[in-house]
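Reading through the structure tokens given below for one structure.
The values are calculated or read from the model by the stated rules, or taken from the named source; none is laboratory data. The structure displayed is predicted, hence computed values, not measured ones. All Cβ positions, glycine included, derive from the backbone under ideal geometry; neighbour counts span all protein chains shown.
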Amino acid sequence: MTDYQTYVLKADCDPYATAAFLPHSGQWPTYTIGKDKYSHVSSWGGQWDTARSLGYTAPPSTHARIIMQELAPKSEQRGLRPQWRAACHMAWTPGPMSIYKRGECEVTGIDIKGAFLRSMKRGLPIWESWRALGPQGFKLRDIERFDTSTSWGLVDCTVNVPEVTAPGLTAKNILGKPITPIGDFRYVFPIDVLNYNVKYRGVTVVEIHGAQICEYSPWLANAAEHFEALPKFVRKHLYTRAYGLWGSIGGYRGQREPTRRDVKYHRLAKSTMVWRDETLMLSAGAGNMYRPDVSCAIAANTTVRMLQVMDELEKGGYRLIASHVDCIWYSKWGPKQQVYCPPDFADKHSGHGVFIAPGLYTVGDDCGRAGVGSNADAQQIRDMPRGNVPGRYWELRRNTTGSYWVTRPMPARGIPMQAPLAYERGVWNDTGWLRDSGRDISMADL
């Protein structure tokens, strides 16, 4: 087998090509060496020997795909029709990602045990059950009465989000970065996330523009149980790839030497490879495991649980410090206040916390290194300049004990709607494909 270790880190993966293509595809480039295709984000965290000793000789995404092809129902291993794709990609956000208090302080970190694995056991969209509803066919009362035990969906609406510590509705800006604005803005939201925010967090639905609804069943439960029974080392590597593979849009693919001259391949200055764009287009067909609705539903379930626990913490008198996908950091008001950790969460760590940006932090000597590589130690992270948090701004406060930084949500400013949605008239034919082939939108644009 080709040694994929050489190509698993960003610095090793033809950095000129990565810098050139990543802004356009929204995905890290993949690389073909010989007949094998690899991606540098599909690694074993540097522990190659451990993975191979357990019988896992290919990247984790390869093994995850094999398991799903064997255990997921064949009826669900389809390519989602273009009519449903845009809303799924817009609404697919991994979970609350922000820093709420810039102050460096003693914190406790808790995270959901097997967050995406837990969500994979719950209801998921059924492929051929999707239907589109315009603003006349879907009302606010339909959100409030929606039975998420048998159905699920996405709602395009204008909302008003009040100023709270952790805004519960996430959108994406024009660069595709998750933001958590306040005020009035229009976006597409998973119906369970929207429903929770309307019921418990003061969000108001100003206007509904349309919805797409599907039936719901736990058809990935068998695959989830298989992942759960795997050795601890490989379990998370595989189920996180499984969750992401359903919605992967592909990207640029580089080859050392293509087998024949092809006009779709082109060279890039300073790159040692030739390249082809394989990003999935909105008007194009899709492979048998392209299901962004599945990835979106799994992430939405995790988001609701995170919001529930953050609300419980605030009601219990704890201060929220930061959150990242499935982790929450909070501080206690005093030493007598007990650690709060629900049964489905794990007490991750406690100690002096320094939060640079979402996913980039230290708690004691524990490090979160999102975006800086695996070699950065705790002191190097502590010494980094404090980053901006998307969708939030910082404010310096002073009191009798000194100065400290707090953050407030950023008002919404025209979040873009970049693709035709399912209910829009005249856009789609009867089989869910674009009528106008000229409206060829890359899924990376969403």
### Query
Taking segment 143-156 as the region of interest, how many residues are over 18 Å from Arg186 (Cβ atoms) and crowded, with 16+ Cβ neighbours inside 10 Å?
4
### Asp326 being at pLDDT 95 or above and among the acidic types (Asp, Glu)
yes
### Message
Give me the residue from segment 286-302 that is touching a Phe, Trp or Tyr at 6+ places or on another chain (Cβ under 9 Å) and not in a helix (DSSP H, G or I) and, out of that set, surrounded by the most Cβ atoms within 10 Å (Cβ to Cβ).
### Response
Arg291
### Query
If you check every pair at least six apart or on different chains, which have Cβ atoms under 7 Å apart with a residue in segment 283-295 that is closer than 17 Å to Gly95 by Cβ first and a residue that is in a helix (DSSP H, G or I) and at pLDDT 85 or above second?
Pro292/Arg85; Pro292/Cys88; Pro292/His89; Ser295/Tyr243; Ser295/Gly244
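Quick grid of which residues meet (1) modelled with pLDDT of 90 or more; (2) buried (at least 16 other Cβ atoms within 10 Å of the Cβ); (3) more than 25 Å from Leu124 (Cβ to Cβ):
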{"position": "Lys172", "(1), (2), (3)": "no, yes, no"}
{"position": "Tyr187", "(1), (2), (3)": "yes, yes, no"}
{"position": "Thr204", "(1), (2), (3)": "yes, no, yes"}
{"position": "Ala211", "(1), (2), (3)": "yes, yes, no"}
{"position": "Pro218", "(1), (2), (3)": "yes, no, no"}
{"position": "Trp246", "(1), (2), (3)": "yes, yes, no"}
{"position": "Gly250", "(1), (2), (3)": "no, yes, no"}
## Note on the structure
Flagged pairs (Cβ under 6 angstrom, 6 or more apart or on separate chains; first in segment 337-366, farther than 18 Å from Pro94 by Cβ; second aliphatic (A, V, I, L, M) and part of a loop (DSSP other than H, G, I, E, B)) are Ile356/Met384
### Message
For segment 364-420, give me each residue that is under 30 Å from Pro162 (Cβ atoms), surrounded by 10 or more Cβ atoms within 10 Å (Cβ to Cβ), of a type in the set (A, V, I, L, M, F, W, C) and over 23 Å from the mean Cα position of the chain (by Cα).
### Response
Trp394, Trp405, Val406
### Query
Do you know which residues across segment 321-353 are closer than 20 Å to Tyr196 by Cα and more than 21 Å from the chain's Cα centre (by Cα)?
Pro342
### Task
Could you list all residues from segment 121-176 that are among the small types (Gly, Ala, Ser) and part of a strand (DSSP E or B)?
Ala132, Ser151, Gly153, Ala171
### Query
Say we look at segment 26-71 and pick out the residues that are within 22 Å of Leu117 (Cα to Cα), surrounded by 15 or more Cβ atoms within 10 Å (Cβ to Cβ) and small (Gly, Ala, Ser); which of these is modelled with the highest pLDDT?
Ala64
### Query
Within segment 317-356, which residues are surrounded by fewer than 21 Cβ atoms within 10 Å (Cβ to Cβ) and among the small types (Gly, Ala, Ser)?
Gly317, Ser331, Gly334, Ala346, Ser350, Gly351
### Query
Between a first residue in segment 378-394 that is under 18 Å from Ile174 (Cα atoms) and a second residue that is among the β-branched types (Val, Ile, Thr), which pairs have beta carbons less than 6 Å apart while being 6 or more apart in sequence or on different chains?
Val389/Ile99; Pro390/Ile179; Gly391/Ile179; Gly391/Thr180; Arg392/Thr407
### Task
Starting from segment 132-148, take each residue that is among the hydroxyl-bearing types (Ser, Thr, Tyr) and list its partners that are at pLDDT 85 or above, counting only C-beta distances under 6 angstrom and pairs at least six apart or across chains.
Thr148/Asp192
